[in-house]
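Right, one structure below, let's go through it.
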Amino acid sequence: MSPLRMIYLALAIWGTIHPMYYFISWFNENGFDILAMVDAWHVNAATSGLVWDLTVAAVTLTVFIIAEVAVRRNWIGLIAIPATFCIGVSCGLPLYLFLRSRPVQ
C-alpha cells in the first residue's frame, strides 16, 4: 500500500473515531435522542452555519462520488456515501479517496 493510501486510511479512521467520541459522549449525557441532537446543532448562528457548511460539503461529496463511480465503475466507492451521512464528511471524504486510489486492475 502506498504512503498516500495509508494517510487516507488513517484520516478515515481518525474521522470516524474523533467525532464519534463526542456523539457518544453527548448521547450518554442526554439520552439517545436524535431530534435533541439536531436541536443542539442549531443552538446559535455559529453552529447552524457549521451544520449547513458540512451539509453542503456532504451533498457535494455525494454528487462527486456518484459521478466518479458512474465513469470509473468503482462500485466499492459507494460505501463512502453512507459513511458520509452516518459519521460525517471527516470519514466519508478520506474513505472515498482511499478507495479511489487503489491500484487499477
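The values are calculated or read from the model by the stated rules, or taken from the named source; none is laboratory data. The shown structure was predicted, so the numbers you read here are calculated from the model rather than taken from an experiment. Note that each Cβ is placed from the backbone with ideal geometry, even for glycine, and that neighbours are counted across all protein chains shown.
Among the conditions (1) closer than 25 Å to residue 1 by Cβ; (2) over 15 Å from the mean Cα position of the chain (by Cα); (3) not aromatic (Phe, Trp, Tyr), the only one that residue 78 does not satisfy is (2). Taking the range 1-102 and the helices (runs of 4 or more DSSP H) fully enclosed by it, the elements with 2 or more residues that are modelled with pLDDT of 95 or more and surrounded by 12 or more Cβ atoms within 10 Å (Cβ to Cβ) are at 3-30, 45-72, 80-86, 89-100. For the range 19-52, the set of residues classified as in contact with a helix residue (DSSP H, G or I) (Cβ under 7 Å, 6 or more places away or on another chain) and closer than 22 Å to residue 82 by Cα consists of 19, 26, 36, 37, 41, 51, listed by residue number. Within the range 15-34, the set of residues being hydrophobic (A, V, I, L, M, F, W, C) and more than 20 Å from the chain's Cα centre (by Cα) comprises just one member, 32. Among the residues of the range 6-36, those that are of a type in the set (Ser, Thr, Tyr) and either without any contact (Cβ under 8 Å) to a residue 60 or more places away in the chain or in contact with a His (Cβ under 9 Å, 6 or more places away or on another chain) (or both) comprise 21, 22, 25.
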